[in-house]
Amino acid sequence: MGILSRFKDIMSVNINTLLHREENPEKTIHEYMQNLSSDLGKVKAETASMVTDERRAKRALDECMAEIKKLERYAEKSTEAGNDGDALKFLDRKAVQAEKLGKLQTAYDQAASKAAMMKQMQDKLVSDMALLEARHTELKGKMAAAKAQQAQNDRHAKTAFDAMEEKASLALDEALALAELRAGTKKDDLDDLIAQLEKEQNER
């Protein structure tokens with residue numbers, strides 16, 4: 001039976017349910033796409049083969065039915081012509097064809113059923129593949145957006161840190177300058193005081 005034996009398994013797969021259940025959807029999608037691609041190739045090949053079998057069975061069935069109708073006409077004409085012996089021969093051949101017709105009908109029904117199942121599987125796999133490709137594209141887009149957002153966040157964080165560092169450096173520079181200014185003022189005040197004392201002593 002080949003891949004036809006997997007008809008129920010393939011038809012029962014729900015891609016959305018499987019993807020929602022998986023922890024690593026990107027890996028899952030990649031694996032399913034590989035499996036589906038392999039299955040789809042087999043299904044297409046087997047579908048073509050079974051459709052050919054169906055057409056062959058239908059052609060044999062139609063030819064048999066046409067032969068039966070032809071033998072019926074011959075039998076009727078022979079009877080009308082008074083050739084009962086020929087009429088019986090045609091009827092005997094018709095009976096053989098009628099028996100053959102039953103087997104051909106069964107063969108055609110089976111071939112048609114298998115071909116229909118293969119077509120269903122092919123349509124299902126094509127649909128699943130399209131869904132997976134769409135989900136894969138969507139997932140890649142989301143991942144790219146997430147990476148871009150992360151990069152932007154990193155840039156913002158770096159900018160904020162640089163601003164804080166610059167502000168801290170400025171505050172430190174201001175504090176040092178103020179300290180130097182105050183130290184310089186104290187020294188100047190002391191020099192002025194000494195000069196004033198020396199002046200006063202000289203005046204005495």
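Within the shell defined by Cβ-Cβ distances under 12 Å, the residues around Val96 carry a net charge of +2, with Lys and Arg each +1 and Asp and Glu each -1. By other beta-carbon atoms within 10 Å, ranking Asp109, Asp53, Asp9 with the fewest at the front produces Asp9, Asp109, Asp53.
Dipole of the stretch 2-171 (Lys/Arg Cβ +1, Asp/Glu Cβ -1, origin at the Cα centre): which of Phe161, Leu71, Ala57 lies farthest to the positive side? Towards the positive end, the residue furthest out is Leu71.
When the listed pairs Lys44/Lys103; Lys42/Lys142; Lys114/Lys140; Lys42/Lys69 are checked against a 31 Å cut-off, the alpha-carbon distance exceeds it for Lys42/Lys142; Lys114/Lys140; Lys42/Lys69. Specify whether the C-alpha gyration tensor of the stretch 2-171 places it in the rounded, prolate or oblate class, a ≥ b ≥ c being the square roots of the eigenvalues: rounded for a/c under 1.5, otherwise prolate if a/b is larger than b/c and oblate if not. Prolate.
Add +1 for every Lys or Arg and -1 for every Asp or Glu among the other residues with Cβ under 12 Å from the Cβ of Glu63, and state the total. Don't skip to the answer; put the middle values down first.
Values: positive: Arg56, Lys58, Arg59, Lys69, Lys70, Lys100; negative: Asp62, Glu67.
For residues surrounding Glu63, the net value is +4.
Legend: distances between Cα atoms for Lys70/Lys119; Lys27/Lys124; Lys58/Lys94; pairs beyond 27 Å are Lys70/Lys119.
Normalised by the number of residues in the stretch 2-171, the mean separation of alpha-carbon contacts (under 8 Å, six or more apart) gives a relative contact order of 34 percent.
With R₀ set to 41 Å, the beta-carbon distance separating Ala130 from His156 gives a calculated FRET efficiency near 0.60.
Where a number appears in this text, it was derived from the coordinates with a stated rule and is not lab data. It should be emphasised that the depicted structure is a prediction, and the values quoted were computed from it without experimental measurement. In this analysis, Cβ positions are derived from the backbone assuming ideal geometry, glycine residues included, and neighbour counts consider all displayed protein chains.
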